[in-house]
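All remarks here apply to the structure that follows.
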Amino acid sequence: MRIGELSRRTGVPTRMLRYYEEQDLLHPDRADNGYRSYPEAAVYRVQQIRGLLDSGLTTEIIRNILPFLDRPDQLHPHPDCLTAETTALLRGEAERIQARIDCLGRNLRAIREYLAAVAPDHGGERA
């Protein structure tokens, strides 16, 4: 499939797909006319990349673990990909994500406390 179809099927803009290629995350074939050609599996690969990026991982980390992932809904890298460098990167990312979770939790509590104080009838409701 060409890049436009991959974009439509994944919801990822073509510009972003080209960026994934630049970052060595996608590897399309090239037709004689220079057009990119993606296999059917690219749909799942792009979904996987999106999910990993959305979870906060960097393209560097994704590049290291992507060859060992086989399904878009699972993050179970093969033990061979866990070099000391990749392990350190993943530990750093886990700490960064945990810090974000902690911060979001504090912010959520503060917002709920504020709502409870200024709108007691609606403060405890979840949106």
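A few points about this structure:
- Segment 14-36: number of residues that are in contact with a helix residue (DSSP H, G or I) (Cβ under 9 Å, 6 or more places away or on another chain) and not in a helix (DSSP H, G or I): 8
- Within segment 23-37, tally of residues that are more than 20 Å from the chain's Cα centre (by Cα) and surrounded by 13 or more Cβ atoms within 10 Å (Cβ to Cβ): 2
- Summed over segment 98-126, residues that are surrounded by 12 or more Cβ atoms within 10 Å (Cβ to Cβ), at pLDDT below 85 and under 32 Å from the mean Cα position of the chain (by Cα) total 0.
- Test: Glu40 is under 28 Å from Gly92 (Cβ atoms), exposed (fewer than 12 other Cβ atoms within 10 Å of the Cβ) and modelled with pLDDT of 90 or more: no
- Only residues that are at pLDDT 80 or above and in a helix (DSSP H, G or I) were counted across segment 47-71, and they come to 16.
- The set of residues from segment 72-92 being modelled with pLDDT under 70, part of a helix (DSSP H, G or I) and surrounded by 14 or more Cβ atoms within 10 Å (Cβ to Cβ) comprises just one member, Cys81.
- All positions within segment 51-69 that are open to solvent by 70 Å² or more (accessible area, probe 1.4 Å) and either in contact (Cβ under 8 Å) with a residue 24 or more places away in the chain or among the β-branched types (Val, Ile, Thr) (or both): Glu60, Arg63
- Of the residues screened, Arg18 is one that is surrounded by 12 or more Cβ atoms within 10 Å (Cβ to Cβ) and of a type in the set (D, E, K, R).
- Within segment 1-26, no residue that is touching a residue at least 12 places away in the same chain (Cβ under 8 Å) and under 17 Å from Leu52 (Cβ atoms) sits with its Cβ atom under 8 Å from a residue that is open to solvent by 80 Å² or more (accessible area, probe 1.4 Å) and among the aromatic types (Phe, Trp, Tyr) at 6+ positions apart or across chains.
The values are calculated or read from the model by the stated rules, or taken from the named source; none is laboratory data. Note that the structure is predicted; figures quoted are calculated from it, not measured. Note that we place each Cβ from the backbone using ideal geometry, even for glycine, and neighbour counts take in every protein chain shown. Heavy atoms of the whole protein, side chains included, go into the accessibility calculation; ligands, DNA and RNA do not. Shrake-Rupley method; radii C 1.70, N 1.55, O 1.52, S 1.80 Å.
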